[in-house]
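The values are calculated or read from the model by the stated rules, or taken from the named source; none is laboratory data. These numbers come from a predicted model, not from an experiment. Please note: Cβ atoms are built from the backbone with ideal geometry, for glycine as well, and neighbour counts cover all protein chains shown.
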């Protein structure tokens, strides 16, 4: 597991590892303060805890648009809004995050 605030931010496609190895390498537990810049840039995607983060990561990395759109339509994936960010800032929330450049997928730790 990657230590807090030390997640590698390379582009997952440039890594010669298997998809699952890449996802393990680019996954870690981080605080909201680490994620806030990604929220500000619009790159943050909240993943409902009922979904497997690696399954969602694979769908993003393999460009499975229909699967991603289905999750978004169902509300299982959302782009956080300002009230989410304020709440997470106030509660010092922690998340498991997966970098699938240019996105950062998050779910509660």
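The number of residues in the stretch 6-31 that are within 19 Å of residue 44 (Cβ to Cβ) and either at pLDDT below 80 or exposed (fewer than 11 other Cβ atoms within 10 Å of the Cβ) (or both) comes to 7. Within the stretch 63-90, the set of residues being surrounded by fewer than 16 Cβ atoms within 10 Å (Cβ to Cβ) and in contact (Cβ under 8 Å) with a residue 40 or more places away in the chain comprises just one member, 89. In the stretch 51-84, the qualifying residues are those that are touching a strand residue (DSSP E or B) at 6+ places or on another chain (Cβ under 6 Å) and not in a strand (DSSP E or B), and the one that is nearest to residue 108 (Cα to Cα) is 53.
Among the residues of the stretch 30-54, how many are within 11 Å of the chain's Cα centre (by Cα) and in contact (Cβ under 8 Å) with a residue 60 or more places away in the chain? The qualifying residues number 8.
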